[in-house]
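Have a look at the structure below before the remarks.
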Amino acid sequence: GQCAYLCPVGAIYETPDWKKVLKLIERKEKILVAQTAPSVRVAIGEEFGMEPGSVSTGKMVASLKKLGFDYVFDTNFAADLTIMEEGTELIGRLKEGGPFPMFTSCCPGWINLLEKEYPEFIPNVSSAKSPQQMMSSVVKTYFAKKIGVDPEDIVMVSVMPCTAKKDEIKRPQQKIKLEDGREIQPTDYVITTRELAKLIKIKEINFAGLKDEEFDNPLGTSTGAGAIFGVTGGVMEAALRTAYEIITNKQLPKLEFDDVRGLNGIKEAEIDIEGKKIKIAIAHGTANVKKLLDDIRDGRRYYDFIEIMACPGGCIGGGGQPKSLDPEILKKRAMAIYSIDELSTLRRSHENPDVQKLYEEFLEKPYSHIAHELLHTHYTDRSVKNKVAAE
Ligand code: SF4
């Protein structure tokens, strides 16, 4: 089933990543930087007896600081950055007439399925790296320069809801090239939400009693659009908020796209942008994703822009999240995510002041040469190899 796509082969025989990270924080030889995905903050509290659906962003940041991380950044910042790159790509394709449908690219569970079973859609998938990989690429270049250290003196640890993120970081085409020619892997370790909870327990930190702390700057600022990446339909909604306003030069009358919300397996809608109707679809959970892809391949459906997430509910339902017996758990986590968006002062990715500053000081503009080098990737057809291996 799904696990074949989500779990890197052999990972169970290796030292678990939480043990490697435990060693790192005990040795403290390097600069330790953490980032936390949008869906971790709405689930980690469950490991410490908090009500499902609690938002524990401040405690999560405080726990990472207590564990010994020097900087804690927000993957939500990088989600805003992803929208700038992916939104620009969508606008470009709308001008140039394709290729359509365009697919989102931030879920490595989906990328594995694409390369192994649906390679014909490779040209349709956005080249934007996932937020985790954008964050790490920016930390080891822009941020390393800012604090005046060698990128290889930084250890980048991601806290993710996801086991597929563990093999995403090892993909050779995700490497970044430094000015002196060295090629490095942007992210060093991925631990899941459950693994972070384990570390907090081992170090006997009283999570529920922690005082809230803030993310570090400048890579800790985010908008509500970045927050909703953690739930099915969120990347689509965030992209539409930005693409609509950039194309039309007008503010959206209503920021919430109700058609893309909720837990239906396949959702679809039509958005009118300056008289052009854009057909969108969203699928989550492998069975729904395959059904949608088969329908498109066989010409039964047509769309312009599609969001795909391998896990049910999107990342809130990721394989690395706390296990729950609550039948309403996905709904509760989703509501928590939408509440973060509603309470945000800034709710559109292009309004993130630190993302704007990052472009001004370093990346120039979305899709610039340097943005392309650092923030984009490509995919390879792994379907043939798969067949040979199976014979
Ligand atoms: Fe990982 Fe699942 Fe989220 Fe995809 S949907 S990024 S596999 S947690």
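When you scan the stretch 263-286, how many residues do you find that are open to solvent by 40 Å² or more (accessible area, probe 1.4 Å) and more than 14 Å from the ligand (Cβ to nearest atom)? Full working, then the answer.
Taking the stretch 263-286 and keeping what is open to solvent by 40 Å² or more (accessible area, probe 1.4 Å), we get 263-264, 266, 268, 270, 272, 274-277, 279.
With more than 14 Å from the ligand (Cβ to nearest atom) added as a condition, the list becomes 264, 266, 268, 270, 272, 274-277, 279.
Of the residues in the stretch 263-286, 10 are open to solvent by 40 Å² or more (accessible area, probe 1.4 Å) and more than 14 Å from the ligand (Cβ to nearest atom).
Within the stretch 67-110, take every residue that is open to solvent by less than 10 Å² (accessible area, probe 1.4 Å), part of a helix (DSSP H, G or I) and within 22 Å of residue 301 (Cα to Cα) and give me the one that is modelled with the highest pLDDT.
110
In this structure, is residue 87 of a type in the set (Gly, Ala, Ser) and in contact (Cβ under 8 Å) with a residue 60 or more places away in the chain? First the steps, then the outcome.
On the way: of a type in the set (Gly, Ala, Ser): yes; in contact (Cβ under 8 Å) with a residue 60 or more places away in the chain: yes.
Answer is yes for this residue.
Can residue 325 be described as within 22 Å of residue 131 (Cβ to Cβ) and surrounded by fewer than 18 Cβ atoms within 10 Å (Cβ to Cβ)? I'd like the intermediate steps shown before the answer.
Details: within 22 Å of residue 131 (Cβ to Cβ): no; surrounded by fewer than 18 Cβ atoms within 10 Å (Cβ to Cβ): yes.
It is false that residue 325 is within 22 Å of residue 131 (Cβ to Cβ) and surrounded by fewer than 18 Cβ atoms within 10 Å (Cβ to Cβ).
Looking at 78, 43, can you tell me which residue is within 16 Å of the ligand (Cβ to nearest atom) and over 12 Å from the mean Cα position of the chain (by Cα)? Before the answer, list the steps.
Details: 78 fails: over 12 Å from the mean Cα position of the chain (by Cα).
Of the residues listed, the single one that is within 16 Å of the ligand (Cβ to nearest atom) and over 12 Å from the mean Cα position of the chain (by Cα) is 43.
Could you identify the single residue in 71, 142 that is more than 25 Å from residue 173 (Cβ to Cβ) and either away from the ligand (no atom under 16 Å from the Cβ) or out of contact with any Leu (no Cβ under 6 Å at 6 or more places or on another chain) (or both)?
On the way: 142 fails: more than 25 Å from residue 173 (Cβ to Cβ).
None of the others qualify; the one that does is 71.
Of all the residues that make up the stretch 221-252, how many are open to solvent by less than 10 Å² (accessible area, probe 1.4 Å) and in a loop (DSSP other than H, G, I, E, B)?
4
Please tell me if residue 115 is away from the ligand (no atom under 16 Å from the Cβ) and surrounded by fewer than 24 Cβ atoms within 10 Å (Cβ to Cβ).
On the way: away from the ligand (no atom under 16 Å from the Cβ): no; surrounded by fewer than 24 Cβ atoms within 10 Å (Cβ to Cβ): yes.
No: the conditions fail for residue 115.
Of everything in the stretch 155-170 that's more than 14 Å from the ligand (Cβ to nearest atom) and either touching a Ser or Thr at 6+ places or on another chain (Cβ under 9 Å) or not hydrophobic (A, V, I, L, M, F, W, C) (or both), which residue is nearest to residue 107 (Cα to Cα)?
Here is the first cut: in the stretch 155-170, the residues more than 14 Å from the ligand (Cβ to nearest atom) are 155-157, 170.
The next check asks that each one be either touching a Ser or Thr at 6+ places or on another chain (Cβ under 9 Å) or not hydrophobic (A, V, I, L, M, F, W, C) (or both); those that pass are 156-157, 170.
Numbers: 156: 19, 157: 18, 170: 15 Å.
Only one residue fits best here, namely 170.
Away from the ligand (no atom under 16 Å from the Cβ), touching a Pro at 6+ places or on another chain (Cβ under 7 Å), within 30 Å of residue 179 (Cα to Cα) and at pLDDT 95 or above, is that true of residue 357? Lay out the reasoning, then the answer.
On the way: away from the ligand (no atom under 16 Å from the Cβ): yes; touching a Pro at 6+ places or on another chain (Cβ under 7 Å): yes; within 30 Å of residue 179 (Cα to Cα): yes; at pLDDT 95 or above: yes.
Yes; evaluated as a whole, the condition is true for this residue.
In this structure, does residue 336 turn out to be over 30 Å from residue 44 (Cβ atoms) and in a helix (DSSP H, G or I)?
Details: over 30 Å from residue 44 (Cβ atoms): no; in a helix (DSSP H, G or I): yes.
Answer is no for this residue.
If you go through the stretch 356-375 one residue at a time, how many are in contact with a Leu (Cβ under 8 Å, 6 or more places away or on another chain), under 16 Å from residue 129 (Cα atoms) and crowded, with 18+ Cβ neighbours inside 10 Å? Don't jump to the end; show me each part of the working.
First, pick out the residues of the stretch 356-375 that are in contact with a Leu (Cβ under 8 Å, 6 or more places away or on another chain): 358, 363, 370-371, 374-375.
Going one step further and asking which of them are under 16 Å from residue 129 (Cα atoms), we end up with 363, 370-371, 374-375.
Filter once more, so that each one left must be crowded, with 18+ Cβ neighbours inside 10 Å: 363, 371, 374-375.
Of the residues in the stretch 356-375, 4 are in contact with a Leu (Cβ under 8 Å, 6 or more places away or on another chain), under 16 Å from residue 129 (Cα atoms) and crowded, with 18+ Cβ neighbours inside 10 Å.
Scan the stretch 297-310 for residues that are more than 15 Å from the ligand (Cβ to nearest atom) and surrounded by 12 or more Cβ atoms within 10 Å (Cβ to Cβ) and jot them down. Even if it seems obvious, please write down each step before you answer.
Our first condition is that a residue be more than 15 Å from the ligand (Cβ to nearest atom); within the stretch 297-310, this holds for 297-305.
Passing the criteria: 297, 301, 303, 304, 305.
Looking at (1) more than 16 Å from the ligand (Cβ to nearest atom); (2) open to solvent by 50 Å² or more (accessible area, probe 1.4 Å), which one does residue 294 not meet, given that it meets all the others?
Result: residue 294 fails condition (2) only.
Within the stretch 318-335, how many residues turn out to be away from the ligand (no atom under 16 Å from the Cβ) and touching a residue at least 12 places away in the same chain (Cβ under 8 Å)? Reasoning before the result, please.
If we filter the stretch 318-335 for residues that are away from the ligand (no atom under 16 Å from the Cβ), which is where we start, we get 325-328, 331-332, 335.
Keeping just the survivors that are touching a residue at least 12 places away in the same chain (Cβ under 8 Å) gives 326, 328, 331-332, 335.
Final tally of qualifying residues: 5.
Here is a yes/no grid of residues against (1) within 16 Å of the ligand (Cβ to nearest atom); (2) small (Gly, Ala, Ser); (3) under 30 Å from residue 101 (Cβ atoms); (4) at pLDDT 95 or above:
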{"site": "214", "(1), (2), (3), (4)": "no, no, no, yes"}
{"site": "223", "(1), (2), (3), (4)": "no, no, yes, yes"}
{"site": "233", "(1), (2), (3), (4)": "yes, yes, yes, yes"}
{"site": "247", "(1), (2), (3), (4)": "no, no, yes, no"}
{"site": "253", "(1), (2), (3), (4)": "no, no, yes, no"}
{"site": "256", "(1), (2), (3), (4)": "no, no, yes, no"}
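Of all residues being hydrophobic (A, V, I, L, M, F, W, C) and out of contact with any Pro (no Cβ under 6 Å at 6 or more places or on another chain) in the stretch 306-334, which is farthest from residue 107 (Cα to Cα)? Just the residue, please.
From the stretch 306-334, those hydrophobic (A, V, I, L, M, F, W, C) are 306, 308-311, 315-316, 325, 329-330, 334; that's our starting set.
Keeping just the survivors that are out of contact with any Pro (no Cβ under 6 Å at 6 or more places or on another chain) gives 308-311, 316, 325, 330, 334.
Values: 308: 7, 309: 6, 310: 7, 311: 9, 316: 12, 325: 25, 330: 18, 334: 17 Å.
Only one residue fits best here, namely 325.
Show the residue pairs meeting these rules: Cβ distance below 8 Å; 6+ apart or different chains; first residue within the stretch 7-24 and open to solvent by less than 90 Å² (accessible area, probe 1.4 Å); second residue modelled with pLDDT of 60 or more and of a type in the set (Phe, Trp, Tyr).
Short answer, once both residue conditions are applied: 17/189; 20/189; 21/189; 24/189.
The values are calculated or read from the model by the stated rules, or taken from the named source; none is laboratory data. Remember, predicted model here, so these are calculated numbers, not experimental data. Counting neighbours? That spans all protein chains shown, and the Cβs are built from the backbone with ideal geometry, glycine included. For accessibility, only protein heavy atoms count, side chains too; no ligands or nucleic acids. Shrake-Rupley method; radii C 1.70, N 1.55, O 1.52, S 1.80 Å.
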